[in-house]
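These notes are about the structure you will find just below.
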Amino acid sequence: MPIVLVVDDSEVDRRLIGGLLSKDMEWLVEYADNGEAALETMRIATPDVVVSDLLMPGMDGLQFVAAARGEFPKVPVILVTGQGSETLASQALRQGATSYVPKAVLAETLLETVEQVLALTAHDHKFERLMHCTTNIRHKFQLDNDPELIGTLGEFVRRTMTQMRFGDSADLNHVGVALEEGLLNALCHGNLELPAEHLPVVRQQLHDHGSSALVDERRQQAPYAERRILVGFDVTHERAQFVIRDQGPGFDASRLPAADDQASLAGQRGRGLVLIQNFMDEVAFNETGNELRMVLKRPAAPPATPSKT
């Protein structure tokens, strides 16, 4: 039974978040009213995922993420953010937070996000010793417009990178989230050309049922039915590169805001691009806007501590 730890200084917000999470009867929800108390709780019983408010007195969400990653690197942290906290959320994502959920869409997005993160933390060490000897892995995929393939491909990539010992659990969670967001963008925005106002409902349907009536209908129609998502995955011990290309009409990528303008990015292309920009070292679209290239460089190992003689 997965354990979800909720961290928030507001009792009202703790009850709200706990109520939303309790809709899934397979989750055990625990609570802490500040970052220090959360760390003490984690030392007693390590949770599977943490949902934490970003703005708290004392140890705020940013400091909590840094402390939690240092002490519990395998435990993902999801932040709950208020309006105007995009810059702090961006810092927290870079420091190791796995994802974030704006309070304005908490009811619509929280369960989906927790499910996504829990699924991404699954590990499979089969063939691990052999994979440790591998110096380069390269794959190409041609996916039809089936949403089920997105999660399957993301898990395959994470397992491959885990077996090659590329980064820690937080790094691999970041890869999984960024890849999933890029693939959803290629499917919904690119190949199927779904109107932006339909995307929140479609995402919720995909989370709840694994399918969407709108997606199913669209993928049977011309010209969408013949389109494919082309994915390239190339990983060495130093870097991982992902190329996602859809066969839709694309968009004018030159009109995107700068990567450090998080509020404008979220407004124009949504939360997914904010996550991708923060989790990857290099992010670029081609001129026609239907190809996304993402590069993650292997984190540098910390310097060895000199031994005392």
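Quick note: the coordinates plus some simple rules give every number you see, no bench work behind them. As the structure is a prediction and not an experimental result, all values here were calculated from the model. For neighbour counting, all protein chains shown are included, and Cβ atoms are generated from backbone atoms with ideal geometry for every residue, glycine included.
Observations
- Fraction of the pair-distance distribution of the range 3-120 above 18 Å, Cα-Cα pairs, percent: 43
- A DSSP coil position with no more than 12 other Cβ atoms inside 10 Å describes the following GluC sites (Glu not before Pro) in the range 1-86: Glu26.
- For the range 103-223, the fraction of C-alpha pairs farther apart than 26 angstrom is 28 percent.
- Sparsely packed trypsin sites (Lys or Arg not before Pro) within the range 1-55, loop by DSSP, other Cβ within 10 Å at most 15: Lys23
- Distance between the 7 Å Cα→Cβ label points at Arg228 and Lys74: 3.8 nm.
- Per-q log10 I(q)/I(0), the range 179-247, q = 0.19, 0.21, 0.25, 0.29 Å⁻¹ (Debye; single scatterer per alpha-carbon; no solvent): -0.77, -0.89, -1.12, -1.33
- More than 14 angstrom apart: percent of Cα pairs within the range 14-68: 54
- Share of alpha-carbon pairs per 5 Å distance bin for the range 164-211, given as whole %: 5, 18, 20, 22, 13, 10, 8, 3
- Cα coordinate range in the range 75-119, projected on the principal axes (Å, largest first): 26, 24, 9
- Each part gets one Cα centre, and for the range 181-211 versus the range 133-147 those centres are 21 Å apart.
- When the convex hull of its Cα atoms is projected in every direction, mean area for the range 130-297 (nm²): 9.7
- Report summary: the helix-based calculation at 222 nm, which adds -39500 (n - 2.57) for every DSSP H run with n ≥ 4 and divides by the residues of the chain, gives -12500 deg cm²/dmol.
- Normalised by the number of residues in the chain, the average gap of Cα pairs under 8 Å and 6 or more apart makes the relative contact order 14 percent.
- Translational diffusion of the chain, µm² s⁻¹ [Kirkwood Rh, Cα pairs; Stokes-Einstein; 25 °C; 0.890 mPa s]: 121
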